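Report on the following structure.
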Amino acid sequence: MVAFQLAYIGLGSNLESPVEQVRQALNELATLPLSRLTAASSLYASRPVGPQDQPDFINAVVALETRLSPLALLDQLQALEQQHRRRRQRHWGPRTLDLDLLLYANDQINSSRLRVPHPQMTARAFVLLPLSEIAPSLNFLQQPLSAWLERVEKQGLERLPDA
């Protein structure tokens with residue numbers, strides 16, 4: 001049997017009750033086949049990247065141990081987005097649910113469907129701060145997470161109170 005691999009997934013929503021969309025997605029990620037959710041960050045509110053004529057986002061990051069291949073995991077994540085009625089109308093536009101495969105083991109993947117590590121994660125506080133909450137000693141791209149976090153502005157990021 002294939003060994004478990006550790007993956008990190010970013011979650012975001014800014015439409016149709018974003019807090020509930022993210023909380024529901026957290027529950028759904030815990031039920032993915034051949035996978036187990038091992039950690040989930042707090043929820044964070046952030047301003048949108050790109051077009052500013054949209055609501056703020058709710059973000060989180062989870063750690064998932066999985067036996068799924070990176071592309072099989074991506075397929076599962078995209079299926080969850082579709083269950084949440086995600087529509088891809090414009091780049092960086094509003095969405096009911098966005099699930100990004102941030103890291104998969106120590107793999108570097110550059111295919112037409114998937115890039116890992118996620119290409120923009122090192123510039124996004126709404127990824128790095130929740131990631132540091134659940135994996136403070138993580139290293140990727142030959143740097144500790146703490147070094148990436150020092151380089152990024154907080155971008156109006158606010159941790160939501162635990163509910």
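The values are calculated or read from the model by the stated rules, or taken from the named source; none is laboratory data. Quantities reported herein were computed from a predicted structural model and do not represent experimental measurements. We place every Cβ from the backbone using ideal geometry, glycine too, and count neighbours over all the protein chains shown. The protein model used for the area step is the full one, side chains on, heavy atoms only, and it has no ligands, DNA or RNA in it. Shrake-Rupley method; radii C 1.70, N 1.55, O 1.52, S 1.80 Å.
Per-residue ellipticity at 222 nm from helix content only, as computed over the chain with -39500 (n - 2.57) for each DSSP H run of at least four residues, stands at -8000 deg cm²/dmol. Normalised per residue, the accessible area of the chain is 52 Å², obtained with a 1.4 Å probe and no contribution from ligands, DNA or RNA. Element breakdown for the chain at a 1.4 angstrom probe: carbon and sulfur atoms account for 49% of the accessible area.
Applying the criteria of a DSSP loop state and at most 16 other Cβ atoms within 10 Å to the trypsin sites (Lys or Arg not before Pro) of the stretch 1-95 yields Arg67, Arg85, Arg87, Arg88, Arg90.
Sites listed here are chymotrypsin sites (Phe, Trp or Tyr not before Pro) in the stretch 30-134 whose DSSP assignment is loop and whose Cβ has at most 14 other Cβ atoms within 10 Å: Trp92.
Loop-only GluC sites (Glu not before Pro) in the stretch 1-87, please: DSSP not H, G, I, E or B, and at most 15 other Cβ atoms within 10 Å.
Glu16
Assign one of three labels to the stretch 51-138, namely rounded, prolate or oblate, based on the Cα gyration tensor with a ≥ b ≥ c the square roots of its eigenvalues; rounded applies when a/c is under 1.5, prolate when it is not and a/b is larger than b/c, and oblate otherwise. Walk me through the intermediate numbers first.
Values: a/c = 1.66, a/b = 1.20, b/c = 1.38.
Since a/c reaches 1.5 but b/c is at least a/b, the shape of the stretch 51-138 is classed as oblate.
Using Cα pairs closer than 8 Å and at least 6 residues apart in sequence, work out the relative contact order for the chain, in percent. It rounds to 29 percent for the chain. Full extension of the chain between Ser69 and Val49 yields a length gain of 4.3 nm, computed as 0.36 nm times the residue separation minus the alpha carbon distance.
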